[in-house]
Amino acid sequence: MGAFKTAMLEALLLVVAAVGVALAANAVSDRGLKLSKDYFRRIQIVEPAGAKDANRAPIVPAPAPADRPAPTSTTGDIATPDATTPRESSSLADEPLTAEGLRVLSLAEVYDYNQYITEDGASIVFVDARNDEAYRHGHIPGALQIDPWNEDAYLPEVLPVLQGATMIVCYCGGGDCEDSIHLATRLVFDHGLPLENVYLFKGGWEEWTGANHPVRTGEAP
Amino acid sequence: MSDRPLTPIRSLDATGLPLLLARLVVGGMFAWLALPKIARPGEFLKEIHTYGILPETPPQLLNLTAVAMPWIELLGGLALLLGLLVRGSGAVLAAMLIAFTVAIASRALSIHNTQGTPLLEIAFDCGCGTGLVIIWKKVLTNIVLIVLSILAVWSHSRRWCLSTLFSRRGRAASPSPSPSALRPAQNTE
């Protein structure tokens with residue numbers, strides 16, 4: 001048998017065997033992919049209009065109950081709180097709710113909403129869409145974690161919290177990172193969370209740390 | 001079969017050392033780097049998607065590629081390491097390396113053209129299992145690996161290959177083995 005023919009037959013045998021093993025392994029693995037699922041479906045993003053308008057009213061977190069306690073002091077390994085950071089002002093109440101889009105929050109809005117996260121409350125929930133290593137290295141205080149590329153490992157614990165929340169802020173690394181968009185899309189379309197409750201912090205971790213806002217390290221939110 | 005004298009290159013090949021080197025380097029690397037991709041298929045899917053080579057619809061194409069490719073790398077790497085299906089595994093891994101290298105170089109050129117980053121400074125996670133890499137170094141490494149993979153396809157030697165054991169057993173059961181077929185260093189599959 002010619003060397004070329006031998007190589008092609010062996011290559012075909014190898015590929016067929018590998019695909020068979022791969023499909024079997026994928027079927028039994030708890031990290032396996034769903035072959036027909038569109039993992040890159042993207043919800044439309046609605047950029048805030050005039051978020052940098054200095055004449056806008058100070059931010060009022062609409063989803064928070066009126067009797068909600070004042071921003072709690074964070075404990076644990078919080079680092080570098082920077083109360084002097086100038087904030088942009090804008091109001092979510094000024095932004096029309098678009099039925100088909102995911103609303104984007106500015107850094108100033110995210111910072112303010114983050115002050116309303118309490119240990120016992122679940123009205124406002126931040127969700128970190130980065131992997132375990134990045135989350136342990138540092139995350140926004142109070143943020144829960146869902147790695148969208150292994151979401152089944154996190155959803156049983158986190159989804160009930162999200163279902164009880166009125167505001168869910170998704171973020172990832174910032175820059176070109178799109179994991180928060182994918183996560184937000186799946187939360188709405190795959191897990192039935194109301195679109196009007198889900199928000200996107202596009203600046204993400206990069207913008208948060210760039211402003212010297214507090215961070216928390218370790219596995220605890 | 002004629003007993004023509006071997007050329008120097010074929011003589012070197014007959015020692016089995018070049019093939020052994022190719023098997024250890026290429027097979028070992030593919031088998032090792034396939035493991036994290038198999039362990040985290042979601043992240044590998046994201047890396048493949050970043051290249052924008054495969055269409056997003058139907059999603060089965062991207063998903064099946066993310067599921068199957070690491071296993072092709074693992075089985076191909078193990079086959080080469082053990083010396084089984086040497087020509088086939090060498091051909092598969094060479095084809096994959098050529099495709100990877102073209103994709104990585106294209107992405108680097110795209111970054112160079114859109115962002116103006118000097119080519120020698122471009123670095124990104126190529127999805128190869130090695131994290132963030134300097135791309136020109138990765139391309140050079142891949143070229144060496146391609147040469148070694150092609151060597152595995154071209155080599156006639158089967159010294160230190162498991163396939164030799166099977167072919168010996170087959171010949172032992174054969175009524176009239178040819179003299180040339182009994183030379184292990186020159187066996188072909």
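Assuming residue B:83 fulfils every condition listed in (1) surrounded by 19 or more Cβ atoms within 10 Å (Cβ to Cβ); (2) under 25 Å from residue A:12 (Cβ atoms); (3) out of contact with any Cys (no Cβ under 6 Å at 6 or more places or on another chain) apart from one, which condition is it?
Failed condition: (3).
Return the only residue of B:81, B:62 being touching a His at 6+ places or on another chain (Cβ under 8 Å) and more than 7 Å from chain A (Cβ to nearest Cβ).
Values: B:81 fails: touching a His at 6+ places or on another chain (Cβ under 8 Å).
Going through B:81, B:62 in turn, the sole match is B:62.
For region A:135-150, indicate whether the set of residues that are closer than 24 Å to residue A:29 by Cα, modelled with pLDDT under 90 and not aromatic (Phe, Trp, Tyr) is non-empty.
Yes.
Out of the residues in region A:127-162 meeting the condition of being within 14 Å of another protein chain (Cβ to nearest Cβ) and among the polar types (S, T, N, Q), tell me which one is nearest to residue A:179 (Cα to Cα).
Ranking the candidates gives A:131 first.
Which count do you get for residues in region B:63-95 that are of a type outside the set (Val, Ile, Thr) and free of Cβ contacts under 8 Å to residues at least 40 places away in the same chain?
In the first step, residues of region B:63-95 are kept if they are of a type outside the set (Val, Ile, Thr); the result is B:63-64, B:66, B:68-71, B:73-85, B:87-91, B:93-95.
Narrowing further to those that are free of Cβ contacts under 8 Å to residues at least 40 places away in the same chain: B:63-64, B:66, B:68-71, B:75, B:88, B:95.
Of the residues in region B:63-95, 10 are of a type outside the set (Val, Ile, Thr) and free of Cβ contacts under 8 Å to residues at least 40 places away in the same chain.
Cβ contacts < 6 Å: first residue farther than 13 Å from residue A:40 by Cβ and within 11 Å of another protein chain (Cβ to nearest Cβ), restricted to region B:40-56; second residue surrounded by 15 or more Cβ atoms within 10 Å (Cβ to Cβ) and small (Gly, Ala, Ser), any location; separation 6+ or different chain. Result?
Sorted first by the residue in region B:40-56, then by its partner, the pairs are B:41/B:66; B:44/B:66.
Yes/no matrix, rows are residues, columns are (1) in a loop (DSSP other than H, G, I, E, B); (2) at pLDDT below 75:
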residue: B:160; (1), (2): yes, no
residue: B:171; (1), (2): no, yes
residue: B:175; (1), (2): yes, yes
residue: B:181; (1), (2): no, yes
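Name every residue in region A:1-36 that is closer than 30 Å to residue B:151 by Cα, facing chain B (nearest Cβ under 9 Å) and not in a helix (DSSP H, G or I), in order of residue number.
A:1
Can you tell me how many residues in region A:193-221 are among the charged types (D, E, K, R), surrounded by fewer than 19 Cβ atoms within 10 Å (Cβ to Cβ) and farther than 22 Å from residue A:47 by Cβ?
Residues that pass the stated criteria total 1.
Let me confirm something: among B:102, B:92, B:86, B:67, which residue is within 14 Å of chain A (Cβ to nearest Cβ) and farther than 25 Å from residue B:20 by Cβ?
Numbers: B:102 fails: within 14 Å of chain A (Cβ to nearest Cβ); B:92 fails: farther than 25 Å from residue B:20 by Cβ; B:86 fails: farther than 25 Å from residue B:20 by Cβ.
The match here is B:67.
Within region B:120-138, track down each residue that is in a helix (DSSP H, G or I) and exposed (fewer than 13 other Cβ atoms within 10 Å of the Cβ). Reasoning before the result, please.
Applying the first criterion (in a helix (DSSP H, G or I)) to region B:120-138 yields B:120-121, B:135-138.
Result: B:120, B:121, B:137.
The values are calculated or read from the model by the stated rules, or taken from the named source; none is laboratory data. Keep in mind it's a predicted model, so treat the numbers as computed, not measured. Backbone-built Cβ (ideal geometry, glycine too); neighbour counts: all protein chains shown.
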